[in-house]
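A.B. asks: This is the structure I have questions about; it appears just below.
The values are calculated or read from the model by the stated rules, or taken from the named source; none is laboratory data. None of the values given here were measured: they were computed from a predicted structure. Every residue, glycine among them, receives a Cβ derived from its backbone with ideal geometry; neighbour counts consider all protein chains shown. The protein model used for the area step is the full one, side chains on, heavy atoms only, and it has no ligands, DNA or RNA in it. Shrake-Rupley method; radii C 1.70, N 1.55, O 1.52, S 1.80 Å.
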Amino acid sequence: MKNREILLVKRPDGEPTDEHLSIEEAAIPALSDGEAIVRLLYVSVDPYMRGRMNEGKSYVEPFQLNQPMEGGAVAEVIESQSDKLQVGDIVTGSLPWREYTAIAAESVRKIDPALGPVTTSLHILGMTGLTAYFGLMDIGRPQEGETVVVSGAAGAVGSTVVQIATIAGARVVGIAGSEEKVQLVKQLGADEVINYQTEDVSSALAEACPNGVDIYFDNVGGDISDAVYPLLNKFARIVQCGAISSYNKKDDQGPRIQHYLIKSSALIKGFTVGDYRERYPEGLQHLSKWLQEGKLTYEETITEGFENIPQAFFGLFTGENIGKQLVKVNEPSRFGS
Ligand SMILES: NC(=O)c1ccc[n+]([C@@H]2O[C@H](COP(=O)([O-])OP(=O)(O)OC[C@H]3O[C@@H](n4cnc5c(N)ncnc54)[C@H](OP(=O)(O)O)[C@@H]3O)[C@@H](O)[C@H]2O)c1
């Protein structure tokens with residue numbers, strides 16, 4: 001057995017590139033009581049990982065230099081000294097970017113491949129689905145007929161928000177970065193979709209939102225958000241989910257937004273999905289019901305190969321993905337997909 005891992009070897013100043021990550025040979029994991037050895041199947045790459053490459057205080061610890069990157073993953077148990085995990089079990093949890101790892105049985109959750117594709121635990125029935133659900137339903141609180149604007153609308157979170165807002169009976173306006181993405185977001189139920197790469201966002205938004213904006217679900221920040229603020233209606237809600245346009249910038253200045261908030265009595269609230277940890281079962285119940293009823297669907301962009309994890313991650317910042325960006329590292333040995 002050969003083993004490889006991907007280490008953070010340098011902290012980026014701007015965009016993450018190959019010079020910041022290094023693929024190295026890793027030791028073969030040794031097994032202790034209560035542990036299992038897992039083989040990576042799928043890795044989720046996520047924008048928040050860029051923040052963890054920086055030093056400093058955040059809601060989650062920074063990645064350590066010369067240690068593996070880590071994040072949401074699906075893996076298969078190949079050896080076990082725990083009565084909680086059997087060889088062949090498929091598990092999900094936060095795992096290092098390493099092909100084979102020894103884990104404590106309690107650090108992962110078993111998933112049942114018979115219930116659906118195992119990758120869904122990394123998006124629609126996992127972190128990004130829950131982010132969309134709680135951000136929109138708890139902070140946005142959409143009412144029938146309200147106008148919801150979603151930035152990053154073709155991404156993992158955004159594409160789910162578009163669909164949940166549609167289920168809630170809202171009028172949905174998406175913003176995305178290519179014609180292909182615009183078509184997808186329309187198919188997901190959006191009433192209007194703006195291509196921010198080819199259109200003037202301010203005038204396109206004014207046209208697409210004749211009754212103003214009641215909820216802005218913001219995944220990107222920056223210039224796109226600056227174009228939304230002037231359209232906020234009285235008591236609008238801004239769900240500050242992400243700001244990917246600024247993750248690679250040291251200094252990102254924009255218009256002051258306070259007067260827009262005052263004029264519209266608007267609420268702006270940042271959150272992380274972990275704030276809702278206690279309520280995950282409620283979120284998962286809704287998401288899986290809508291999925292079963294065919295009201296919710298998902299898109300995946302799957303890159304193949306452990307060595308291509310860095311490129312898949314970098315591509316998030318240049319819009320390479322549609323829906324959830326995953327990397328397939330291995331085929332499960334017992335189950336077909
Ligand atoms: N608060 C939370 O707990 C939480 C949880 C998960 C994710 N998030 C945040 O939610 C946002 C979306 O995450 P995701 O996992 O769903 O990622 P994603 O949207 O699937 O992928 C990132 C997308 O962002 C867009 N993008 C990249 N650079 C941009 C820029 N400069 N300006 C505008 N758009 C840009 C690209 O699409 P285009 O081609 O359309 O530009 C890209 O495909 C991120 O900001 C992330 O940090 C927050």
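A.B. asks: Would you confirm whether any residue within the stretch 245-258 is within 16 Å of the ligand (Cβ to nearest atom), in contact with a strand residue (DSSP E or B) (Cβ under 8 Å, 6 or more places away or on another chain) and either of a type outside the set (D, E, K, R) or within 23 Å of GLY145 (Cα to Cα) (or both)?
C.D. replies: No: zero hits.
A.B. asks: GLN67 - would you say it is farther than 30 Å from GLY158 by Cβ, more than 25 Å from the chain's Cα centre (by Cα) and either in contact (Cβ under 8 Å) with a residue 60 or more places away in the chain or open to solvent by 70 Å² or more (accessible area, probe 1.4 Å) (or both)?
C.D. replies: Spelling it out, it is not the case that GLN67 is farther than 30 Å from GLY158 by Cβ, more than 25 Å from the chain's Cα centre (by Cα) and either in contact (Cβ under 8 Å) with a residue 60 or more places away in the chain or open to solvent by 70 Å² or more (accessible area, probe 1.4 Å) (or both).
A.B. asks: Given the options GLU304, GLU278, GLU300, name the one that is of a type outside the set (S, T, N, Q) and within 11 Å of the ligand (Cβ to nearest atom).
C.D. replies: Exactly one residue qualifies, and that residue is GLU300.
A.B. asks: Tally the residues that are open to solvent by 50 Å² or more (accessible area, probe 1.4 Å) and touching a residue at least 12 places away in the same chain (Cβ under 8 Å), restricting the search to the stretch 113-157.
C.D. replies: 7
A.B. asks: Could you please find all residues in the stretch 3-22 being free of Cβ contacts under 8 Å to residues at least 40 places away in the same chain and either open to solvent by 50 Å² or more (accessible area, probe 1.4 Å) or in contact with a Cys (Cβ under 9 Å, 6 or more places away or on another chain) (or both)? Break it down into steps so the answer makes sense when it comes.
C.D. replies: From the stretch 3-22, those free of Cβ contacts under 8 Å to residues at least 40 places away in the same chain are 19-20, 22; that's our starting set.
Hit for the stretch 3-22 is GLU19, nothing else.
A.B. asks: Okay, moving on. Quick one: which helices (runs of 4 or more DSSP H) lie wholly within the stretch 242-337 and hold at least 2 residues that are surrounded by fewer than 19 Cβ atoms within 10 Å (Cβ to Cβ) and within 22 Å of the chain's Cα centre (by Cα)?
C.D. replies: Qualifying helices (runs of 4 or more DSSP H): 280-292, 309-315.
A.B. asks: Working carefully through the options PRO62, PRO47, PRO16, find the one that is more than 20 Å from THR303 (Cβ to Cβ) and either more than 25 Å from the chain's Cα centre (by Cα) or not assigned by TED's automatic domain parsing to the domain that holds GLY158 (or both). Outline the logic, then answer.
C.D. replies: Details: PRO47 fails: more than 20 Å from THR303 (Cβ to Cβ); PRO16 fails: more than 20 Å from THR303 (Cβ to Cβ).
Exactly one of PRO62, PRO47, PRO16 is more than 20 Å from THR303 (Cβ to Cβ) and either more than 25 Å from the chain's Cα centre (by Cα) or not assigned by TED's automatic domain parsing to the domain that holds GLY158 (or both), namely PRO62.
A.B. asks: Inspect all residues belonging to the stretch 174-194 and state whether any of them is more than 13 Å from the ligand (Cβ to nearest atom) and part of a helix (DSSP H, G or I).
C.D. replies: yes
A.B. asks: Please state which of the following conditions GLN285 fails to meet, knowing it meets all the rest: (1) touching a Lys or Arg at 6+ places or on another chain (Cβ under 9 Å); (2) farther than 27 Å from LYS249 by Cα.
C.D. replies: Looking at each condition in turn, GLN285 falls short on (1).
A.B. asks: Right, something else. From the list GLY56, GLY72, exactly one residue is open to solvent by 20 Å² or more (accessible area, probe 1.4 Å) and either at pLDDT 95 or above or within 21 Å of the chain's Cα centre (by Cα) (or both). Which is it? Walk me through it before giving the result.
C.D. replies: Numbers: GLY56 fails: either at pLDDT 95 or above or within 21 Å of the chain's Cα centre (by Cα) (or both).
After applying the criteria, what remains is GLY72.
A.B. asks: State yes or no: is PHE235 in a strand (DSSP E or B), open to solvent by 20 Å² or more (accessible area, probe 1.4 Å) and assigned by TED's automatic domain parsing to the domain that holds TYR260?
C.D. replies: Spelling it out, PHE235 is indeed in a strand (DSSP E or B), open to solvent by 20 Å² or more (accessible area, probe 1.4 Å) and assigned by TED's automatic domain parsing to the domain that holds TYR260.
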